[in-house]
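The values are calculated or read from the model by the stated rules, or taken from the named source; none is laboratory data. As the structure is a computational prediction, the values presented were derived from the model and not from experiment. Ideal geometry is used to build each Cβ from the backbone, glycine not excepted, and the neighbour counts take in all protein chains shown.
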Amino acid sequence: MIEINLLKKDKTRRKIDFSSYLGGAIVVFVALLIVEVAFLAYYTMNLNSQYNSLSTTRDKLRSVEREVKRIRAKLKEVRVMTATIKKLGQNRGMAYRILKDVADLMPDGLWLVRLTKRDNVLFIEGKSFTTEAVAEYMTNLGNLKYVANVRFNGSGLVRLQVPKKSVNVYKFYIKVTLKV
């Protein structure tokens, strides 16, 4: 067997002096500590930023929640009103139809001053710029299915004195008898 000795002729090993590495190790340790502190500081700032963002979002959501509660309350009111209107619409009878027709049949240049009902008779008082509008209105009322008779009542048709003589205004009184 052949033995090769690569060591120097002095077969003693040298002792390693760790004191020279101790300064470097301390520097590395301090550097790692500084990096870790910097990382923790950055991470803490990031968490604080996220916390602030989440707090702002929470406050916005609370505001939205309050608004939703207000809207729900309004919707409830609207539902109650709608139900009431539907009940009125289902139960509307002759009075509603009469009022609607009396209003819908008015020609331009004619307006009502008073409308009263006693038993099955309507008394209509109004004003108009022309006698033709009054005649048209009376004809329209007479064409309704539930009307028996339309005629002038009391003074009938009266021309009012107006300071401007270029404009005529007529006051009329109509009596409408309804079918029973």
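Determine whether segment 118-129 contains at least one residue that is assigned to a loop (DSSP other than H, G, I, E, B), of a type outside the set (A, V, I, L, M) and either under 27 Å from Gln161 (Cβ atoms) or under 40 Å from the mean Cα position of the chain (by Cα) (or both). Break it down into steps so the answer makes sense when it comes.
Pass one, segment 118-129, residues assigned to a loop (DSSP other than H, G, I, E, B): 119-120, 129.
With of a type outside the set (A, V, I, L, M) added as a condition, the list becomes 119-120, 129.
Keeping just the survivors that are either under 27 Å from Gln161 (Cβ atoms) or under 40 Å from the mean Cα position of the chain (by Cα) (or both) gives 129.
Yes, the conditions are met somewhere in segment 118-129.
I'm told Leu110 meets every condition in (1) touching a helix residue (DSSP H, G or I) at 6+ places or on another chain (Cβ under 7 Å); (2) of a type outside the set (Lys, Arg); (3) modelled with pLDDT under 90 except one. Can you identify the failing condition by its number?
Exception for Leu110: condition (3).
Examine segment 81-88 for a residue that is assigned to a strand (DSSP E or B), of a type in the set (A, V, I, L, M, F, W, C) and out of contact with any His (no Cβ under 8 Å at 6 or more places or on another chain), and state whether such a residue exists.
no
On the given criteria, is Leu144 outside any strand (DSSP E or B), more than 37 Å from the chain's Cα centre (by Cα) and in contact (Cβ under 8 Å) with a residue 24 or more places away in the chain?
Values: outside any strand (DSSP E or B): yes; more than 37 Å from the chain's Cα centre (by Cα): yes; in contact (Cβ under 8 Å) with a residue 24 or more places away in the chain: yes.
Yes.
Conditions: (1) touching a residue at least 12 places away in the same chain (Cβ under 8 Å); (2) touching a strand residue (DSSP E or B) at 6+ places or on another chain (Cβ under 7 Å). Thr116 meets all but one. Number of the miss?
Answer for Thr116: the failing condition is (1).
Restricting attention to segment 147-180, which residues are assigned to a loop (DSSP other than H, G, I, E, B) and surrounded by 13 or more Cβ atoms within 10 Å (Cβ to Cβ)? Full working, then the answer.
As a first pass, look at segment 147-180 and keep what is assigned to a loop (DSSP other than H, G, I, E, B): 161-168, 179-180.
Across segment 147-180, the qualifying residue is only Asn168.
Of the conditions (1) touching a residue at least 24 places away in the same chain (Cβ under 8 Å); (2) in a helix (DSSP H, G or I); (3) touching a helix residue (DSSP H, G or I) at 6+ places or on another chain (Cβ under 9 Å), Tyr96 clears all except one; give me its number.
Answer for Tyr96: the failing condition is (1).
Residues checked against (1) part of a helix (DSSP H, G or I); (2) modelled with pLDDT under 90; (3) surrounded by 10 or more Cβ atoms within 10 Å (Cβ to Cβ); (4) under 44 Å from the mean Cα position of the chain (by Cα):
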| site | (1), (2), (3), (4) |
| --- | --- |
| Lys8 | no, yes, no, no |
| Arg14 | no, yes, no, no |
| Tyr21 | yes, yes, yes, no |
| Leu32 | yes, no, yes, no |
| Met45 | yes, no, yes, yes |
| Gln50 | yes, no, yes, yes |
| Lys60 | yes, no, yes, yes |
| Val64 | yes, no, yes, yes |
